[in-house]
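The values are calculated or read from the model by the stated rules, or taken from the named source; none is laboratory data. Quick caveat, the model's predicted, so the values are computed rather than measured. Neighbour counts are summed over all protein chains in view; Cβ atoms, including those assigned to glycine, are modelled from backbone coordinates with ideal geometry. When the accessible area is computed, the model is the full protein with side chains, heavy atoms only, and any ligands, DNA or RNA have been set aside. Shrake-Rupley method; radii C 1.70, N 1.55, O 1.52, S 1.80 Å.
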Amino acid sequence: EIAQCLVGSEMCIRDRNIGQGEEWRMIMNPAYEKLLKCYDSYKAKIDFTPKVALILGSGLGDYADDIRVVDTLDYHDIEGFPVSTVPGHKGRFIFGYVDDVPVVCMQGRVHYYEGYEMSDVVLPTRLMKMMGAEVLFLTNAAGGIQLGMHAGDFMLIKDQIASFVPSPLRGANIEELGVRFPDMSQIYDLEFQKIARKAAASLDIDLMEGVYLQLTGPQYESPQEIAMCRTLGADAVGMSTACEAIAARHMGMRVIGISCITNLAAGISPQPLCHAEVQEAADMVAPQFKKLVAATIQGIAKTL
């Protein structure tokens, strides 16, 4: 007979065997244990403490090539780390500087649709916080829902809807990371939003604003699903980001997010959707995106 109780990130398990009495033994939360192993693997290879963590979405990974690179770490070289299988995602951490700001960039993220557990999807976010990052800068390629959007637009994320994907906080809470019931009333930092708007204005970039909704994928949405998303208040839709933002806020990170609108969502665009066109659209606006991200990071650094 086995009884269980939760103590922080550890699980107490009592084995009751007939004639052998009772014995309690401690088992660490598997998600936290994997996270610690990944951190130990990182520390054994890299001596760098970032302030800003940047996740680069589809077609946007080349931004990391423009920073002053100090070191790189391939996901395959981190014990137990989930590896991206999506075309265009290089699958490595880049450590370096944007001007004088120490940053860690993820060239390629993992997604729930790839078959990973949600705890693995947000493991990179949690790991970057453990590296020392105080800020999570999220980017993605998204389908535009808001009227007036065009491929190549940028959208500052003001809020999100994550109700269609499993919560990354489901299961036993890891007390070392955050509280059981974290507040999500202001996921995206208001001060950082002002900085992004100022950066966009200084670069003469038209920055739209709106709500991002995450669905599981990997299929693109049907026209009726997009109609549902619009009814719910979404301005852009994608297959990432919202779960990472939740995990970051759980750990006390400040979050900013910008979507690159790479296509109009199904039912809005007359053309069938494909991943190649998403990458092509992202590549087209990459120079502007790089300038916007760099200027925003420089502004954020002044607040830390």
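Accessible surface for the range 148-222, divided over its residues, is 51 Å² per residue with a 1.4 Å probe. With a Förster radius of 51 Å applied to the beta-carbon distance between GLN219 and THR49, the computed FRET efficiency rounds to 0.80.
For the chain, the longest principal axis of the alpha carbon atoms and the long axis of helix 275-301 meet at an angle near 80°.
Taking every C-alpha pair closer than 8 Å and separated by at least 6 residues, the mean separation divided by the residue count of the chain gives a relative contact order of 22 percent.
Between the helical axis of 30-45 and the longest alpha-carbon principal axis of the chain there is an angle of about 70 degrees. The helix-only estimate of mean residue ellipticity at 222 nm for the chain, built from DSSP H runs of length n ≥ 4 each weighted as -39500 (n - 2.57), is -9000 deg cm²/dmol after division by the residue total. Using the Cβ-Cβ distance between ASP65 and PHE164 with R0 = 35 Å, the FRET efficiency computed as 1/(1 + (r/R0)^6) comes to roughly 0.55. Dimensions of the range 235-304 from C-alpha coordinates, computed as largest minus smallest value along each principal axis and given longest first, are 44, 28, 18 Å. Does a label point 7 Å from the Cα of HIS76, set along Cα-to-beta-carbon, have any residues of the range 114-154 with amide nitrogen under 14 Å, and which are they? It comes to no residues whatsoever. DSSP assigns beta bridges within the chain; of those with both partners inside it, close to 50 percent run antiparallel. Legend: residues HIS111, HIS275, sorted from most to least accessible area (1.4 Å probe; ligands, DNA and RNA excluded), read HIS275, HIS111.
Inter-label distance, LEU203 to GLN186: 2.5 nm, where each label sits 7 Å from its Cα along the C-beta direction.
Rounded to the nearest whole Hz, the Karplus-based 3J(HN,Hα) values (6.51 cos²θ - 1.76 cosθ + 1.60, θ = phi - 60°) of the range 172-179 follow the sequence 4, 5, 8, 4, 5, 9, x, 7, with x at glycine and proline. Given a 1.4 Å probe and the protein chains as shown, MET118 ends up with an accessible area of around 10 Å².
Annotation for ASP40 and GLU176: the two label points, set 7 Å from Cα along the Cα-Cβ direction, are 1.0 nm apart. Pairwise inverse Cα distances across the range 177-221, averaged and inverted, put the Kirkwood hydrodynamic radius at 13.8 Å. The share of accessible area on the chain that comes from carbon and sulfur is 50 percent, using a 1.4 angstrom probe.
In loop segments of the range 234-304 as defined by DSSP, the trypsin sites (Lys or Arg not before Pro) with at most 14 further C-beta atoms inside 10 Å of their C-beta are LYS302.
With the gyration tensor restricted to C-alpha atoms of the chain, the semi-axes of the equivalent ellipsoid amount to 35, 23, 17 Å, longest first. Helix 190-202 and the longest principal axis of the C-alpha atoms of the chain enclose an angle of approximately 30°.
Dividing the Cα radius of gyration of the range 79-199 by 2.2 N^0.38 Å, with N the residue count, gives 1.18.
The label point for ALA227 and the one for GLU134, both projected 7 Å from the Cα toward the Cβ, are 4.8 nm apart. When LEU147, LEU123, LEU203 are compared by accessible surface with a 1.4 Å probe, the order from highest to lowest is LEU147, LEU203, LEU123.
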